[in-house]
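Structure first, commentary second.
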Amino acid sequence: MKKILLQNTENPNSADISEYIKSGGYKALYKALEMKPSDIIDEVKKSGLRGRGGAGFPTGMKWSFAAADPKKDKYILCNADEGEPGTFKDRYILERDPHLLIEGMIISGYALGAEYGYIYLRAEYPKAKDILQKGIKQAYKQGYLGDNILGKGIRFHLLNVHQGAGAYICGEETALIESIEGKRGQPRIKPPYPVNEGYLGNPTVVNNVETIANIPYIIEVGGDAYSKIGCPDCPGPKLFSVSGHVKRPGLHELPMGTSLREIIYTHCGGIRDDRQLKAVIPGGISTPVITPDKIDCPMDFVNITKYGTMLGSGAIMVLDDTTDLVKVCLRAVMFYEHESCGKCTPCKEGVGWMKSILERIHKGMALKSDLDLLLEVSRNILGKTFCPLGDSAALVVQSFVMNFKEEFEQKLI
């Protein structure tokens, strides 16, 4: 498959607007401005694009909910927080092709009837902030942003690149909105959902960087053509961040639905030092770990669930037979404990309890009853929190223990 999202990233000057225009950039914007907003939403629906942030919700459907709301003020927010451990896909677009994101946001704003947008950027990406701010200034100068875009009487402003404070929880859309509003980054109760009552109480669409980066191509080729890329259930290109024990780690753009086996053994060259594969975390640390016998799973939002895991952000962590999986599980839970916002008790207290039990197991100081207690605590967290952070921690623990129980038992007294 030819590169779509990463087609400009090898150009050393790709972040400059002149290079982006030279490669065909902003042509989709011209085309979109000749269309009705509702027609743009229909094309996105036809494309089958699903949000690339982790949940995989149909993008066109989300847009239609916000666009249909009679309130005048609407907002488009770009989630560039990218706090999922193992994920580095959005960073490439932010730093190497910022105008792809900017063009996507302008088209999205026009389709939604939104006149304002924000980019919420993780604190650990200071270079990306400078590049984005420069790109936004260039877009204003060229007339792609402002009160009268390209003389069409259409208004859209990118108000700010809002830099977060490094909180993982702000990757959750309602916590992100709270942070932009100047409040503590904690998730809201849903419903109401942001598409009806989001930023400043107005209809708000929150999409992540990779999702918005698909929009110009969908407008360029049409939703029907886009829907033929990859698998029918979840079409389009997908960026996979591959790390761990492979010969060629890095970022790979492949059709949605490519098998995990093909990604590991063809595109990444197989396991380092030709060792044995022991486990794979397929979508970032928040997705359940799987065993080597399940790597024929298609990497898409729908079919991968049949293998007991999730696509998440597409951050693939490959672990060979030298890996201490109890330690990996402990490190994951330590991360979740640190990043819990403290709003709901099952997550705030339960994840800490899981960490304490895992520390005892890892040190060889735990009894068999501790392993049973660990699973009991995880079950008391699952489904009882405001946002998926607690659920993710619980599912990670359950998947490690279920798939590699012997390794845990070997460390018990």
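Please treat every number below as a calculation from the coordinates, not as lab data. Bear in mind that the values here come from a model prediction, so they are computed numbers and not experimental data. For neighbour counting, all protein chains shown are included, and Cβ atoms are generated from backbone atoms with ideal geometry for every residue, glycine included.
Things to note:
- Region 302-342 shape via C-alpha gyration tensor axes, a/c threshold 1.5: oblate
- The trypsin sites (Lys or Arg not before Pro) of region 189-287 that meet both conditions, a loop assignment by DSSP and at most 16 other Cβ atoms within 10 Å of the site Cβ, are 228, 247, 275.
- Shape category assigned to region 293-413 from the gyration tensor of Cα positions, a/c cut at 1.5: oblate
- Under 16 Å, Cα to Cα: Lys pairs in region 325-409, sequence gap 8 or more or different chains: 7
- Cα shape, region 330-381, gyration tensor, a/c 1.5 rule: oblate
- Computed [θ] at 222 nm, helices only, for the chain once each DSSP H run of length n ≥ 4 contributes -39500 (n - 2.57): -12000 deg cm²/dmol
- Amide proton proximity set for residue 198, modelled H, under 5 Å, gap of 5+: 204
- Alpha-carbon geometry of the chain: the Rg and the Dmax are 21.7, 74 Å, given in that order.
- Taking the number of Cβ atoms within 10 Å of each Cβ as an exposure proxy, the fewest-first ranking of 295, 136 is 295, 136.
- For region 283-288, 3J(HN,Hα) per residue [Karplus equation, 6.51 cos²θ - 1.76 cosθ + 1.60, θ = phi - 60°, Hz, x = Gly/Pro]: x, x, 4, 7, 9, x
- Across 46/74; 72/228; 36/71, pairs whose alpha-carbon gap is larger than 28 Å: 72/228
- Remark on residue 278: its backbone amide H falls under 5 Å from those of 319, 320, 321, a criterion applied only to residues 5 or more positions apart or on other chains, H modelled at 1.01 Å from N.
- Simple Cβ-charge dipole of the chain, Lys/Arg +1 and Asp/Glu -1, about Cα centre, in debye nearest 20: 380 debye
- Cβ crowding within 10 Å ranks 334, 299, 310 as 334, 310, 299, fewest other Cβ atoms first.
- Among 112, 133, 143 the positive-end extreme of the charge dipole of region 91-159 (Cβ point charges): 133
- Reach of residue 306 by Cα under 16 Å, taken over aspartates and glutamates that are not fewer than 8 positions away in the same chain: 233, 293, 296
- Only helices reaching 15 angstrom along their own axis (Cα) with mean Kyte-Doolittle hydropathy no lower than 1.0 count here, and for the DSSP H runs of the chain these are 98-112.
- Working from Cα pairs under 8 Å separated by at least six residues, relative contact order for region 216-301 is 24 percent.
- Under 5 Å, built H, 5+ apart or other chain: amide partners of residue 163: 121
- Of the GluC sites (Glu not before Pro) found in region 68-147, those in coil by DSSP whose Cβ has at most 16 other Cβ atoms within 10 Å are 124.
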